[in-house]
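This report refers to the structure that appears directly beneath it.
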Amino acid sequence: MENHGDRPEIRDALARGQGQSLRRSVTMRREMLYYAIRQYAPSGAPVILRFAVPLQTNDATLRAFRGSLFLWSMMILIVAGTATLMVSRAFSDRVERLKEFSRRVAEGDFRPLPGDGSGDALEALGNSLNQTAARLDSTIRTLTEERNLSSAILGSMVEGVAVISGSERLVFANPGFAEILGIDVSPQAGTALVETVRQSELIEAVRLVLRGAPRVETEVVTGTLRQHFFAATVASVSAGKTSGAVIVLHDITDLRKLERVRRDFVANVSHEFKTPLTAIQGFAETLLAGALDDTQNRERFLEIILEHSRRLARLTGRSTETFEDGCGPAGNWRLTKLA
């Protein structure tokens with residue numbers, strides 16, 4: 001064999017302690033992989049150990065390793081993919097349960113979500129949602145009871161009550177409000193005020209309150225042949241950034257009738273009293289002016305004064321009784337009957 005001292009792997013081993021090269025062997029007539037390492041003999045002289053492996057053997061080993069690596073990689077990938085799919089499916093199912101629970105809560109179903117015992121973040125989130133749903137259920141129940149109580153109170157009131165929004169639309173109206181205004185169909189929430197109320201005084205009062213007035217009082221008259229009178233009070237109301245007006249209609253028809261009876265009575269009494277009083281005054285002045293010495297006419301004058309005095313007495317007694325009968329239970333004043 002020829003001297004191998006000039007081979008690349010030998011030179012590298014002498015210089016750096018090890019070396020390798022890939023080339024075709026002239027002796028073996030095939031591609032060879034050479035590896036050389038430097039060692040030392042007992043005498044201290046360097047000795048080079050060189051190993052040679054046919055490249056085909058190395059390629060076969062490498063192919064076998066790659067095949068085994070690919071096989072194991074595929075097995076690991078399949079196992080990992082299956083485990084990941086199962087974990088993902090379980091996670092997805094739990095997320096879907098939370099979504100379904102949120103949808104049920106939004107629709108008013110506050111039944112609690114049962115726990116799965118995993119103890120992870122999703123279970124903690126589910127417990128938090130259960131607590132939120134329980135508090136929401138309690139709050140809604142309280143508000144519903146208060147709303148039902150308020151609706152029952154307002155519905156049983158004789159007075160008409162309505163709430164108007166800042167955009168002049170009806171928010172609430174009790175049955176008394178529709179009955180007072182003569183509305184056949186109960187007005188619906190969201191209806192414009194001008195479509196429900198025909199009384200311009202009431203509409204103007206609402207607009208004054210919506211423009212900033214704290215309270216406006218006015219009188220509303222309904223009906224033509226049989227008129228009804230209502231005292232309307234419009235007050236400002238606000239809730240947070242939302243403002244509106246509250247209308248309260250109180251029936252004062254009986255009070256107006258009583259006032260009309262009183263005016264008619266006073267006018268009738270004044271008219272009936274005017275003639276006898278004028279006669280009494282005139283004949284009394286005539287007597288004082290010198291008719292007392294007129295023996296022919298003074299007795300007639302005194303008889304006329306006495307007759308008109310008796311007429312006044314009769315008028316006073318009859319008017320007092322008539323007025324007392326006309327006032328009825330609502331009357332709180334009466335004339336004093338003259339003796």
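The numbers here are math on the coordinates, done by the rules we state, and not lab data. What you see is a predicted model, and the numbers here were worked out from it, not measured in a lab. Counting neighbours? That spans all protein chains shown, and the Cβs are built from the backbone with ideal geometry, glycine included.
See the values below:
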{"item": "Sequence-distant residues sharing a close amide H with Gly166 (under 5 Å, placed H)", "result": "Ser243"}
{"item": "Alpha carbon Rg of segment 272-317, scaled by the compact-globule rule 2.2 N^0.38 Å", "result": "1.18"}
{"item": "Computed over segment 71-138: relative contact order in percent, which uses C-alpha pairs under 8 Å that are six or more apart", "result": "26"}
{"item": "Angle between the chain longest axis and helix 121-156 axis [Cα atoms, degrees, rounded to 10]", "result": "10"}
{"item": "Using alpha carbons only: equivalent-ellipsoid semi-axes of segment 116-160, gyration tensor based, whole Å", "result": "42, 6, 4"}
{"item": "Cα gyration tensor shape of segment 146-218, rounded if a/c is under 1.5, else prolate or oblate by comparing a/b with b/c", "result": "prolate"}
{"item": "Hull-based mean projected area of segment 98-172, where the convex hull spans the alpha carbons, in square nanometres", "result": "7.3"}
{"item": "Nitroxide proxy distance, nm - points 7 Å out along Cα→Cβ at Leu125 and Glu168", "result": "5.0"}
{"item": "Shape category assigned to segment 71-133 from the gyration tensor of Cα positions, a/c cut at 1.5", "result": "prolate"}
{"item": "Per principal axis, descending, Cα span of segment 246-293 in whole Å", "result": "76, 17, 8"}
{"item": "Extended-chain gain in nm, criterion 0.36 nm per residue less alpha-carbon gap, His4 and Glu107", "result": "28.1 nm"}
{"item": "Calculated [θ] (222 nm, deg cm²/dmol) that DSSP helices of n ≥ 4 give over the chain, each run adding -39,500 (n - 2.57)", "result": "-19000 deg cm²/dmol"}
{"item": "Degrees, to the nearest 10: 298-327 long Cα axis against longest axis of the chain", "result": "20"}
{"item": "Inter-centroid distance (Cα atoms) of segment 182-233 relative to segment 74-115, Å", "result": "58"}
{"item": "Mean Cα-pair separation over length for the chain, i.e. relative contact order, pairs under 8 Å, 6 or more apart, %", "result": "7"}
{"item": "Whole-number percent relative contact order across segment 1-138, with pairs defined as alpha carbons under 8 Å at least 6 apart", "result": "12"}
{"item": "Kirkwood hydrodynamic radius of segment 196-274, from inverse mean 1/r over distinct Cα pairs, in Å", "result": "14.8"}
{"item": "Candidates Leu249, Leu98, Leu225, ranked by Gaussian network fluctuation over the chain, Cα under 10 Å, top entry", "result": "Leu225"}
{"item": "Under-5 Å amide H pairs with Val237, H placed in peptide plane, nonlocal only", "result": "Gly244, Ala245, Val246"}
{"item": "Shape category assigned to segment 28-174 from the gyration tensor of Cα positions, a/c cut at 1.5", "result": "prolate"}
{"item": "About the Cα centre, charge dipole magnitude for segment 51-120 (Lys/Arg +1, Asp/Glu -1 at Cβ), debye", "result": "120"}
{"item": "Relative packing of 121-132, 22-33, which averages over residues the other C-beta atoms within 10 Å, highest first", "result": "121-132, 22-33"}
{"item": "12 Å tail of the calculated P(r), segment 193-233, as % of Cα pairs", "result": "60"}
{"item": "Asp264 versus Gln18: modelled label distance in nm, points set 7 Å from Cα along the beta carbon direction", "result": "13.2"}
{"item": "In nm, spacing of pseudo-spin labels at Thr57 and Leu302 (7 Å Cα→C-beta vector)", "result": "17.7"}
{"item": "Amide hydrogen neighbours beyond the local backbone of Arg23, cut-off 5 Å, H modeled", "result": "Met32, Tyr34"}
{"item": "Folded to 0 to 90 degrees: helix 200-210 orientation relative to the chain principal axis, Cα", "result": "50"}
{"item": "Spherically averaged projected area in nm², based on the convex hull that wraps the Cα atoms of the chain", "result": "46.4"}
